[in-house]
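Trainee: Let me begin by handing over the structure; questions about it come next.
FYI, it's all coordinate maths here, none of it is from the lab. All figures in this text were calculated on a predicted structure; none of them were measured in a lab. In this analysis, Cβ positions are derived from the backbone assuming ideal geometry, glycine residues included, and neighbour counts consider all displayed protein chains.
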Amino acid sequence: MNPEKRVLIVSNRLPVKISENEGELAYQNSEGGLATGLGSVYKQGTNVWIGWPGAVIEDGQKDQVREDLKELRLHPVFLTQQEINDFYEGFSNETLWPLFHYFPTYSTYNPQYWESYKEVNQKFADEILKVATKDDVIWIHDYQLLLLPELIRKEIPEVSIGFFQHIPFPSYEIFRSLPWRKELLQGLYGADVIGFHTYDDVRHFISAASRITNTNSIANELIVGDRRVTVDAFPISIDYKKYNELAESQQAKRNERKLKQLINHNKLIISIDRLDYSKGIIHRLEAYQLFLEKHPELRGKVTLIQLVVPSRDNVQKYKELKEEMNRMVSEINGRFSTLGWQPIQHFYRSFPLHLLSALYKAADVALVTPMRDGMNLVSKEYIASKLDQKGVLILSEMAGASRELSDAVIVNPYDIWDFADKIYQALNMPEDEQKRRMVAMQQTVSKFDIFNWVKNFMDKLTEVKANQTALSARIINPSIQQKIGIRYFYGMKRLILLDYDGTLVPFHKQVNAAVPDEELLGMLKTLAEDPHNTVVITSGRDYHTLDNWLGHLPMDMIAEHGAWYKDHGKPWRSRRDLTNDWRQEIYHVMDIYSRRTPGAFIEEKSYSLAWHYRRVEEGLGTLRAHELMADIKHFISDRGLQMLQGDKVIEIKSIAVNKGKAAKRWLERDQYDFIIAIGDDHTDEDTFKAMPEDAITIKVGTNISAASYFLKSYEDVRKLLKELCNAEEAATNQDKDMLLKEAS
Ligand code: ADQ
């Protein structure tokens, strides 16, 4: 983390609980994992944590609360009761929470909740904008604040913004049903780094971005206008040392002994969660019931201690869950209890940390079996508390934690039959196997603890910002554009190399629809008619099309990446050394793929074949393209051929042909004092590399490139060309010598 930067942490809740006793306000620090982890951040330097203080504060008390919290490095966002109902309990917990945890039928879609969600996100933004500057780092947390990154980005475009989501990001098929899906994604695009717990969440998010907002991505980076947004996995963890030390304390040891006596030294199974349908409480009870049915010999010898922390009990679904849970606990206890034994000890309340620690220590088996969970910290707390390295963790494959803790006994929580068998296996697992698994998991959790998580996220944010800054220095701004104009003006012999598709015109679904328009033809004509200029169009297109569209202008042309070329006024010439004996075989393979892929087609050029999939269903095209490439990879390598991956196209051509080699013909023929080369895809990289050092090379887009500058789009290329067309006039209005000095 950059030590000079101030960090503003933003989350729905502040890490304090406010209570009122006879008019006096009291503040109690919350001990949650996040508060511990981020405590190492917000208590440093001038850092601040911004959020809701967890209670409705009367107007008359707000100033007092603000003052009190300031001393704790906290900055409040006050919410009204109506906002808590609609924004928090409504949109956050009744709409997003169930949907993101794969309970779509539990989701309520209510426009009033959505309005409130927008208003409260704006309220957070307003509060942040009161304190934030462009030099701060803003780290926003969780699904209650999905719109916030963009709301801040709009007001402070340069600021560094990170976003972390603590719950899963669902598959596109689930997410797409949200009426406000687009707005939520666009809200998040304001961030520089978007973090999730697992790679699956990352995948789902990128897929939703591409399908819902048509946002392109390269690996795990989304291309949002001229910005790159990094989407990555940062699995959260716990303060390992704290739980480890707690388990070592005398108090925990005493409590563990008492606990074992209370359950008659039975085998102890624990389950600890917040009351939530995502946590799998009902399925777990069903599996335990089945286990007791199948193993009468273990009745009386095993006790399940179930702790459930009350949560969201104003929401209907939670009330129903509580009733169902209570019904099942009494059914199981009623059915199996004996005078001296009860199969489940059920507690519906929060427990102090030292008691949790004793439970973790004493438990032979921990059941952590959510139906869905972003990560699940209980599993990691159990592992950290196991000083003797004995004990078995039964972990749901639906918890993010299962990606890291592969040495746990993994269950599908819906498969209660297998689940029941796994409880039996866990209770009978040999000690050496328990230890082997526990040691491996302890190594993971102790290494990747909460502090490591904070560091990884912050380091990534710093890295992304540094890359953005480096990139933006290469993006042509009005001042660089003006300097290029001046250098152009002073050039007496100029070479202008221009790619066509994606550089001078936008991409079209129909390859032959990219006809040059009047504006473009006008500009090319002006440039080409200037006696100081040699303009060369360097395209991958076939020469017939180029000739039809541009042949009437006094320009030179390179077609099919250099297989054909032409000086103005002369006929087209082709490279004599090229053969086509590979063609039929490749055509045959491409044809098989075209038949299997609606929307795909083959473009035949004289020395190359291109397989286009721009009109193929999103995702399917990429899949088929990869299959096709794998199929022909071996064929091309020993035939002197090359495979080019363009924008939704794969092209096979001779390795001897490339735009750089073709451009050399012009470079070798003459001495130029002004050279500019502009292109958008990786076939243009050969041109950039072939250029002399003082040439101006420009990549359209923001990919990694050998070019010295970037432009965002074909529209910006046209603006630059217009500047060149008008350079004469612009420069005569200014002091030329001074300008030349500046430009160099
Ligand atoms: P939660 O859904 O709250 O968090 P989890 O990660 O399991 O779920 O954390 C629960 C915390 O509550 C644990 O620290 C646990 O010790 C504590 N707790 C549980 N029962 C308790 C009891 N009876 N008494 C006292 N404390 C109790 C969300 C996501 C998770 C993600 C976290 C962190 O839903 O998937 O792991 O954020 O990102």
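Trainee: For residue 301, list the lysines whose Cα falls under 16 Å from its own Cα; do not include residues on the same chain fewer than 8 positions away.
Mentor: List returned: 260, 267.
Trainee: Sticking with this structure for a sec: Just the number, please: percent antiparallel of the DSSP beta bridges in the chain, rounded to the nearest 5.
Mentor: 35
Trainee: Next question. Which percent, to the nearest 5, of DSSP beta bridges fully inside the range 455-610 are antiparallel?
Mentor: Among the beta bridges of the range 455-610, antiparallel pairing accounts for roughly 45 percent.
Trainee: Follow-up question, since we're still on this one. What nm value, rounded to one decimal, do you get for the distance between residue 670 and residue 471 when each label is placed 7 Å out toward the C-beta?
Mentor: With each label point 7 Å from Cα toward Cβ, the separation is 3.6 nm.
Trainee: Give, in nm to one decimal, the length gained when the segment between residue 436 and residue 293 is fully stretched (0.36 nm per residue of separation minus the Cα-Cα distance). Each step should come with its number before you reach the end.
Mentor: Details: separation 143, 0.36 × 143 = 51.48 nm, distance 3.04 nm.
So the chain would gain 48.4 nm between residue 436 and residue 293.
Trainee: Cα centroid distance between the range 577-651 and the range 338-399, in Å?
Mentor: Cα centroid to Cα centroid, the span is 55 Å.
Trainee: Among the listed pairs 118/322; 390/455; 570/605; 258/279; 62/322, give every one whose C-alpha distance is greater than 26 Å.
Mentor: Among 118/322; 390/455; 570/605; 258/279; 62/322, the Cα-Cα distance tops 26 Å for 118/322; 390/455; 258/279; 62/322.
Trainee: Divide the volume of the convex hull of the Cα atoms of the chain by its number of residues and quote the answer in cubic angstrom per residue. Mind showing how you got there, number by number?
Mentor: Working: hull volume 153.4 nm³, N = 744.
Per residue, the Cα convex hull of the chain comes to 206 Å³.
Trainee: Extending each Cα 7 Å along its Cβ direction at residue 102 and residue 510, get the distance between those two points in nm, one decimal.
Mentor: A separation of 4.4 nm, rounded to one decimal place.
Trainee: Still on this structure, I have one more. Starting from the Kirkwood radius over alpha-carbon pairs of the range 583-654, derive D by Stokes-Einstein at 4 °C in a medium of 1.567 mPa s and give it in µm² s⁻¹.
Mentor: Translational diffusion coefficient: 108 µm²/s.
Trainee: Another question, then. Using a Cα-Cα cut-off of under 17 Å, which aspartates and glutamates could be cross-linked to residue 380, ignoring same-chain neighbours fewer than 8 residues away?
Mentor: Within the straight-line cut-off, residue 380 pairs with 31, 239, 245, 248, 273, 364, 388, 397, 404, 407, 449.
Trainee: Could you please state, rounded to a whole Å, how far the C-alpha centre of the range 1-77 is from the C-alpha centre of the range 458-519?
Mentor: 46
Trainee: Where does helix 518-529 land angle-wise versus the long Cα axis of the chain, in degrees 0 to 90, nearest 10?
Mentor: Between helix and principal axis, roughly 50 degrees.
Trainee: Run the helix sum for the chain: -39,500 (n - 2.57) per DSSP H stretch of 4+ residues, divided by residue count, reported at 222 nm to the nearest 500 deg cm²/dmol.
Mentor: -13500 deg cm²/dmol
Trainee: Next up: Using the Karplus curve 6.51 cos²θ - 1.76 cosθ + 1.60 with θ = phi - 60°, work out ³J(HN,Hα) for each residue of the range 234-243 in order, rounded to whole Hz, and write x for Gly and Pro.
Mentor: Karplus-based 3J(HN,Hα) across the range 234-243 equals 10, x, 6, 9, 10, 7, 4, 4, 4, 5 Hz.
Trainee: Ok, one more. Once R0 is set to 41 Å, what does the formula 1/(1 + (r/R0)^6) return for the Cβ-Cβ distance between residue 424 and residue 219, expressed as a FRET efficiency to the nearest 0.05?
Mentor: According to the calculation, E is roughly 0.40.
Trainee: Taking only Cα atoms, what is the 0 to 90° angle, nearest 10, from helix 450-474's long axis to the longest principal axis of the chain?
Mentor: Around 10 degrees separate the two axes.
Trainee: Rank 571, 602, 671 by how far each Cα sits towards the positive end of the charge dipole of the chain (+1 on Lys, Arg Cβ; -1 on Asp, Glu Cβ) and give me just the farthest.
Mentor: 602
Trainee: Amide H of residue 79: which non-local residues (sequence gap of 5 or more, or other chain) have their own amide H closer than 5 Å, using H built in the peptide plane?
Mentor: Amide H neighbours of residue 79, under 5 Å, 5+ apart: 57.
Trainee: Using the count of nearby Cβ atoms within 10 Å as a rough guide to exposure, how do 505, 10 rank from fewest to most?
Mentor: Starting with the residue having the fewest Cβ neighbours, the order is 505, 10.
Trainee: I've got another one for you. Which whole number in µm²/s is D for the range 240-447 by Stokes-Einstein, with the Kirkwood Rh taken over Cα pairs at 37 °C and 0.692 mPa s?
Mentor: 192
Trainee: Taking the Cβ-Cβ separation of residue 22 and residue 342 as r and a Förster radius of 41 Å, what is the calculated FRET efficiency to the nearest 0.05?
Mentor: Values: r = 41 Å, r/R0 = 1.00.
My answer for the efficiency is 0.50.
Trainee: Give the calculated FRET efficiency between residue 576 and residue 463 to the nearest 0.05, with a Förster radius of 60 Å applied to their Cβ-Cβ distance.
Mentor: Computed FRET efficiency for residue 576 and residue 463: 0.75.
Trainee: A follow-up question, please. May I ask for the angle, rounded to the nearest 10°, between helix 199-212 and the longest principal axis of the chain, with both axes built from Cα atoms and the value confined to 0 to 90°?
Mentor: It is inclined by approximately 50 degrees.
Trainee: Another one. Need one number: nm distance between label points at residue 155 and residue 335, each 7 Å from Cα along Cα→Cβ, rounded to one decimal.
Mentor: The two pseudo-label positions are separated by 5.7 nm.
Trainee: Let me ask you something else. Can you give the extra length, in nm with one decimal, that the chain gains between residue 320 and residue 248 once fully stretched, where that is 0.36 nm per residue apart less the Cα-Cα distance? Don't skip to the end; give the middle numbers.
Mentor: Numbers: separation 72, 0.36 × 72 = 25.92 nm, distance 3.93 nm.
Full extension of this stretch gives 22.0 nm more.
Trainee: Let me ask you something else. Set Lys and Arg Cβ to +1 and Asp and Glu Cβ to -1, take the dipole of the range 425-549 about its Cα centre, and tell me which of 527, 513, 466 lies farthest positive.
Mentor: Result: 466, furthest along the dipole toward the positive end.
Trainee: Oh, and also: If each residue of separation counts as 0.36 nm, what is the full-extension length gain between residue 177 and residue 61 once their alpha-carbon separation is subtracted?
Mentor: Working: separation 116, 0.36 × 116 = 41.76 nm, distance 4.19 nm.
Roughly 37.6 nm would be gained on extension.
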